[in-house]
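Trainee: Questions regarding the structure given below will be posed in turn.
Just so it is clear, none of the values below were taken in a lab; they were calculated from the coordinates. Worth saying up front: this structure is predicted, and the values here are computed from it rather than measured. Here the Cβ positions follow ideal geometry from the backbone for every residue, glycine too, while neighbour counts run over all protein chains shown.
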Amino acid sequence: MNYKLPQLPYSPDELSPIISKETVGYHYGKHEQTYIDNLNKLIKGTKFEDMPLEEIIKTSTGALFNNASQAWNHIFYFFGLSPQGGGEPTGVLRLAIEDAFDSVENFIQQMKEAGGKLFGSGWVWLVKDTNDKLSIVSTSNADNPMREGYMPIMCIDVWEHAYYLDYQNKRAEYLDKIWDIVNWDIVCRRFLQKFSHTK
Ligand code: MN
């Protein structure tokens, strides 16, 4: 398998002013491309070469794990955003969020708090368990909750490279604004998928 950078379903300038064209260019075009290039180099000629990416993430360590997981995480992040995003979740996803967090407002508040508290680089995730119960999980560096038996539903990248060009040190502002471009249709579609990524 030779992984390629998937083309985003929107232009790099379309997430502006929440995320600038410059950030999308560096973050997806450069950082993500590097993770994918490294992943391809590291799997070549090994038992990981023909393994699904999720399996590599669950069974590898060190540099291979870091690059495989970051490759996956960034595709998940960028495909979960849309210039037409924002608003509020509807339907079964909304019901599941209300069941787990009492309200959409509380859920968003808890995601922001988790992102604010995360020390250093990492990710904040909305995940579901095998009973479709939702919860929030924070992971450090490249880590992904599928390694703990959860299925990711949405994520926010809180590495500085995700927001520094647009918000400098103001991570809280980035965490406030990103909701205007969350693609709830995709998040709902992920929630409705049969559980996978079991430990
Ligand atoms: Mn990133």
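Trainee: The conditions are (1) crowded, with 18+ Cβ neighbours inside 10 Å; (2) within 14 Å of the ligand (Cβ to nearest atom), and PHE79 fails exactly one of them. Which is it?
Mentor: (1)
Trainee: I'd like the residue in the range 159-173 that is more than 14 Å from PHE76 (Cβ to Cβ) and in contact with a helix residue (DSSP H, G or I) (Cβ under 7 Å, 6 or more places away or on another chain) and, out of all such residues, is nearest to the ligand (Cβ to nearest atom).
Mentor: HIS161
Conditions tested, residue by residue: (1) out of contact with any Cys (no Cβ under 7 Å at 6 or more places or on another chain); (2) in a loop (DSSP other than H, G, I, E, B); (3) among the charged types (D, E, K, R).
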| residue | (1), (2), (3) |
| --- | --- |
| ILE75 | yes, no, no |
| ASN106 | yes, no, no |
| GLU113 | yes, no, yes |
| TRP123 | no, no, no |
| LEU126 | yes, no, no |
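Trainee: For residues that are more than 10 Å from the ligand (Cβ to nearest atom), surrounded by 19 or more Cβ atoms within 10 Å (Cβ to Cβ) and in contact (Cβ under 8 Å) with a residue 60 or more places away in the chain, scanning just the range 141-152, find the one that is farthest from VAL124 (Cα to Cα).
Mentor: Step by step, filter the range 141-152, then rank; the result is MET146.
Trainee: Look through the range 32-54, keep the residues that are in contact with a helix residue (DSSP H, G or I) (Cβ under 6 Å, 6 or more places away or on another chain) and more than 17 Å from TYR10 (Cβ to Cβ), and return whichever of them is surrounded by the most Cβ atoms within 10 Å (Cβ to Cβ).
Mentor: Result: LEU39.
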